Amino acid sequence: SHGARPASGKFRVVLGSQPVAEILNYMVMGSLTTGAFHAASSAYHAKFGAPVMDSRLSLADDPAFSAGAIRRRITCEGIPTRRVELIRDGKLVGLLSNFYDTHRLLTDEHRADKLGADAPAKLDFDALSGYRLGEGGGRRFDASPGSSGTNVVMRARGGVTDRELVRAVGDGIYVGRIWYTYPINGQRAGDFTCTVTGDSYLVRGGQVVEPLAPNCLRINANIADVFEHPLAVGMRPHPATVWGSPEAYYVPAIAAGSIALAEVAPN
């Protein structure tokens with residue numbers, strides 16, 4: 001198909017709101033639960049209370065978000081919902097939880113090791129995210145309660161316009177859309193792979209210059225490459241849909257300094 005086909009390498013990359021939402025959905029949200037910490041499978045193992053993202057970034061789940069696609073007042077465990085702050089100014093400060101997993105983690109004899117040295121001595125995880133969900137996020141009476149978000153909102157301090165994000169990259173790639181995102185080496189490693197699809201372009205001299213051929217590049221990166229030291233962050237969260245996800249996402253674009261891209265041979 002038509003479009004540029006860059007060779008493999010490390011690139012400065014703008015990730016649009018859909019890629020950011022996709023990476024959050026498949027790589028980050030599953031690590032922000034009491035169940036993941038209890039199982040020692042979180043990518044943020046032993047980092048509760050510690051910095052896990054750039055200090056400009058904050059992440060919350062808000063069932064009453066005014067612009068949100070989802071509105072839930074009561075969890076499937078009968079508890080009134082409210083906003084759950086997950087990451088504040090880059091620090092991990094909260095987790096999604098259901099009633100069972102809250103008690104499992106709080107009574108875990110290895111809790112201190114699993115949460116880490118920065119965790120407060122007195123700690124509670126309110127069971128504000130216990131939902132019985134089926135495919136696509138609909139509630140089902142016959143499903144077991146799990147920890148799930150609603151409207152996941154990422155905000156950035158000192159955010160810039162999308163044009164300034166492209167300018168910050170200089171020479172690199174604008175990734176507008178990804179798919180087939182999944183963890184490699186287990187959730188705890190934070191490594192992921194995905195394929196760059198449409199709405200993606202070469203960037204030269206801080207300008208979008210040429211479309212990429214769809215599916216010509218695969219991203220092989222770690223969540224730290226995206227969220228820990230971005231070149232710049234977008235000024236406002238945009239709605240983004242992730243296929244089959246129970247959560248709705250409202251996230252900014254992010255410019256990353258070094259993302260490994262591997263060439264995919266044309267069919």
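For a quick check: with amide H placed at 1.01 Å from N, whose amide H comes under 5 Å from residue 248's, ignoring anything fewer than 5 positions away on the same chain?
It is 151, 152, by chain and number.
What list of ³J(HN,Hα) couplings, whole Hz, do you get for the stretch 162-170 from phi and the Karplus terms 6.51, -1.76, 1.60, once you set θ to phi - 60° and write x for glycine and proline?
Listing the rounded values in order: 4, 5, 5, 4, 5, 5, 5, 6, x Hz.
Could you derive backbone 3J(HN,Hα) for the stretch 103-117 from the dihedral phi with the Karplus parameters 6.51, -1.76 and 1.60 (θ = phi - 60°), listing whole Hz in sequence and x where the residue is Gly or Pro?
5, 4, 6, 5, 9, 6, 5, 9, 4, 4, 5, 6, 7, x, 5
Per residue, what volume in Å³ does the convex hull of the Cα atoms of the stretch 12-57 enclose?
Convex hull volume per residue, Cα atoms: 96 Å³.
Can you give the charge dipole size of the stretch 9-263 about its Cα centre, rounded to the nearest 20 debye, using +1 on the beta carbon of Lys and Arg and -1 on the beta carbon of Asp and Glu?
That gives the stretch 9-263 a dipole magnitude of about 460 debye.
DSSP loop (so not H, G, I, E, B), at most 14 other Cβ within 10 Å: list which chymotrypsin sites (Phe, Trp or Tyr not before Pro) in the stretch 198-267 pass both filters.
Within the stretch 198-267, the qualifying chymotrypsin sites (Phe, Trp or Tyr not before Pro) (loop, at most 14 other Cβ atoms within 10 Å) are 243.
Enumerate the calculated ³J(HN,Hα) couplings along the stretch 254-263 in order (Karplus 6.51 cos²θ - 1.76 cosθ + 1.60, θ = phi - 60°), each rounded to whole Hz, writing x wherever the residue is Gly or Pro.
With the stated coefficients, the stretch 254-263 comes to 9, 9, 10, x, 7, 10, 6, 10, 10, 5 Hz.
In the stretch 44-170, what is the volume of the convex hull around the alpha carbon atoms, normalised per residue and reported in Å³?
About 144 Å³ per residue, rounded to a whole number.
List the lysines whose Cα sits under 25 Å from the Cα of residue 114, skipping any in the same chain fewer than 8 residues away.
47, 91, 122
Stokes-Einstein at 4 °C, 1.567 mPa s, Kirkwood radius from Cα pairs: D for the chain in µm² s⁻¹?
Rounded to a whole number, D works out at 68 µm²/s.
Which longest run of the chain has no exposed loop site in it, a site being trypsin sites (Lys or Arg not before Pro) in a DSSP loop with at most 12 other beta carbons within 10 Å, and the site itself not part of the run?
The reported range is 141-267.
Residue 200's amide H: which non-local residues (gap 5+, or another chain) put their own amide H closer than 5 Å, with H modeled 1.01 Å from N in plane and none for Pro or chain starts?
176, 212
Towards the positive end of the charge dipole of the stretch 9-263, with charges on Cβ (+1 Lys, Arg; -1 Asp, Glu), say which of 43, 206, 178 has the farthest Cα.
206
When the Debye formula is applied to the Cα atoms of the stretch 161-230, each taken as the same point scatterer, what base-10 log of I(q)/I(0) results at q = 0.17, 0.19, 0.23 Å⁻¹?
For the stretch 161-230, the Cα-only Debye profile gives -0.69, -0.83, -1.05.
Values in this text are rule-based calculations from the coordinates and carry no lab data. Everything numeric in this text was worked out from a predicted model, so none of it was measured. Reconstructed Cβ throughout: ideal geometry from the backbone, glycine too, with neighbour counts over all protein chains shown.
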